[in-house]
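All remarks here apply to the structure that follows.
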Amino acid sequence: MTTSLPSGARDRLYAECARAITEAGAERESLFLARLALLLFEQVGDEARCRAALADALCALPVPSLSAIESLQTGD
């Protein structure tokens, strides 16, 4: 069973997730994301679906552009 979020909810959750990552800080970002994933995996309750989601996330992971890296470094 696959469920999808409405686009408005997806956008709101994306923004809230980005804010939470920023609040966690660069030094704890990976730990925060791993903890979040584990908590969500618990909600899904299906190891195969969780593994598929991990594979899908890696497959579609974009490479940051040079302009995005420069923007992070300058704080723009």
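The values are calculated or read from the model by the stated rules, or taken from the named source; none is laboratory data. If you're wondering where the values come from, they're calculated on a predicted model, not measured in any experiment. Reconstructed Cβ throughout: ideal geometry from the backbone, glycine too, with neighbour counts over all protein chains shown. Keep in mind that these areas ignore ligands, DNA and RNA; they rest on the heavy atoms of the full protein, side chains included. Shrake-Rupley method; radii C 1.70, N 1.55, O 1.52, S 1.80 Å.
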Worksheet item: With a sphere of radius 13 Å drawn around the Cβ of Ala18, what net charge do the other residues whose Cβ falls strictly inside it have (Lys, Arg +1; Asp, Glu -1)?
Response: -1
Fill in: Average accessible area per residue (Å²) across region 7-60 - probe 1.4 Å, nucleic acids and ligands excluded
86 Å²
Worksheet item: In debye, nearest 20: dipole of region 7-60 around its Cα centre with unit charges on the Cβ of K, R (+) and D, E (-)?
Response: 80 debye
